[in-house]
Structures are given as C-alpha cells and as structure tokens.
Amino acid sequence: QVHVVESGGGLVQPGGSLRLSCAASGSVLRFNVMGWYRQGPGKQRELVAEITSGGTATYSDSVQGRFIISRDNANNTMYLQMNSLQPEDAAVYYCNVRGRALFTNAPVDSWGQGTQVTVSS
C-alpha cells in the first residue's frame, strides 16, 4: 500500500498564495497518477488537478491559470502552487495516488487525510 501525507494548508487572504505538498511512501508504483482533490463545506469532493508520472498535467476549469501542479518522482512528492486564491477555493484538499504495484500489478488508490485551506480577510 501507499501512505500519503499532505501538508501546507492554512489561512490566507483573498489574492494570496499557498503551496501544498504531498509525500507518498510505501509500495513502488508504475503508471501512477497523483492528484489533488478538494471538498468544500456542503459540497462533493472534486478534482482540482492531476499529473502523470510522465509530467502531463490537467486542471479543473475553476483553477486553470491560477494553480500549478508539479511532482518530484525521485522523492515521490507532489506539489500544488495555488495563486490568486479566492474564498471559493476554501476547502479541505486531499492528495490521491493511483497506479499499480510494480511487482504484483495490484491496483492502488490511496488518499491522504487532507489539509485545510481557508481563504478569508
């Protein structure tokens, strides 16, 4: 299995920036995708951005142009640089890692516990 831990959340004013980090450890995966999801109060969890092991990134329309996802494959770490934050970006942000275990080919779909992002003046 893969253990996932997020960090970097906090309180920021509208227009400000935050950088989230996600560290994954455990099983070695192949063809893996790492992604950021968020869940605001009373809302369903939604995809924010995801990135493949090859570096291909996709974003939701709501964050395109403001957020940047990146990853460090050598250290199994993913980042989300969030700029121009707005109150509607406030949510618990979750890291997700999907792929297949290298030796067993078993599917892996692991989530972190989440980190709170609050956007308020």
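The values are calculated or read from the model by the stated rules, or taken from the named source; none is laboratory data. In this text, all values refer to a predicted model and were calculated from it rather than measured experimentally. Positions of Cβ are generated from backbone atoms using ideal geometry, with glycine treated the same way; all protein chains shown enter the neighbour counts. Areas reflect the complete protein model, heavy atoms only, side chains present, ligands, DNA and RNA absent. Shrake-Rupley method; radii C 1.70, N 1.55, O 1.52, S 1.80 Å.
A few notes on this one:
- Taken over the range 53-69, the criterion of being open to solvent by 20 Å² or more (accessible area, probe 1.4 Å) and among the aliphatic types (A, V, I, L, M) is satisfied by ALA57, ILE68.
- The listed residue being over 11 Å from the mean Cα position of the chain (by Cα) and modelled with pLDDT of 95 or more, out of ALA91, ALA74, ALA49: ALA91
- VAL63 vs. criteria farther than 13 Å from LEU18 by Cα, outside any strand (DSSP E or B), in contact with a strand residue (DSSP E or B) (Cβ under 6 Å, 6 or more places away or on another chain) and not polar (S, T, N, Q): yes
- Close pairs from the range 9-34: first touching a residue at least 40 places away in the same chain (Cβ under 8 Å) and under 18 Å from TYR79 (Cβ atoms), partner among the polar types (S, T, N, Q) and open to solvent by 30 Å² or more (accessible area, probe 1.4 Å), Cβ under 6 Å, at least 6 apart: GLY9/GLN116; SER17/ASN83; ARG19/GLN81; SER21/SER7; ALA24/ASN76; ASN32/SER53; VAL33/THR52
- Residue within the range 73-90 that is out of contact with any Gly (no Cβ under 9 Å at 6 or more places or on another chain), more than 21 Å from SER7 (Cα to Cα) and of a type in the set (Ser, Thr, Tyr) present: no
- Leading residue by the ranking (nearest to PRO107 (Cα to Cα)) among those in the range 16-52 that are open to solvent by 50 Å² or more (accessible area, probe 1.4 Å) and outside any strand (DSSP E or B): VAL28
- Those residues of the range 70-121 which are open to solvent by 70 Å² or more (accessible area, probe 1.4 Å), more than 16 Å from GLN13 (Cβ to Cβ), not polar (S, T, N, Q) and not in a strand (DSSP E or B), in sequence order: ALA74, LEU102, PHE103
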